[in-house]
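Here the structure comes first, spelled out in structure tokens, and everything after it is commentary.
The values are calculated or read from the model by the stated rules, or taken from the named source; none is laboratory data. Predicted, not measured: the structure shown is a model, and the values here were computed from it. Note: ideal-geometry Cβ built from the backbone for every residue, glycine included; neighbour counts use all protein chains shown. Just the protein is used for accessible areas: all its heavy atoms, side chains included, with ligands, DNA and RNA removed. Shrake-Rupley method; radii C 1.70, N 1.55, O 1.52, S 1.80 Å.
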Amino acid sequence: MAPNTYRFLGPTGNLGALLPGVTGLGGEFPILPGFKIENGTYIPIAFTGPNPEEIDYENPYNFGFPLAKQ
């Protein structure tokens, strides 16, 4: 994984709290939630792949919006 990039290990409960503003996750492939910290900004990301053995940890999906403390 790239510097300042993290994934949640064994999250329980509602993933909405970890990935605010992200809805509709699901489907036939694994999704592991994570985040990046860049310039003090929290950026929700997800690691995906066709199956658990082929998850791409080098190119996470960026949801396209940052969250910054106001």
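Checking residue 22 against (1) in a loop (DSSP other than H, G, I, E, B); (2) at pLDDT 85 or above; (3) touching a Pro at 6+ places or on another chain (Cβ under 7 Å): exactly one of these is not met. Which one? For residue 22, the failing item is (2).
Count, please, the residues in region 55-70 that happen to be open to solvent by 90 Å² or more (accessible area, probe 1.4 Å) and farther than 13 Å from residue 31 by Cβ.
At the first step, the residues of region 55-70 found to be open to solvent by 90 Å² or more (accessible area, probe 1.4 Å) are 58-59, 61, 69-70.
With farther than 13 Å from residue 31 by Cβ added as a condition, the list becomes 58-59, 69-70.
Adding up the residues that qualify gives 4.
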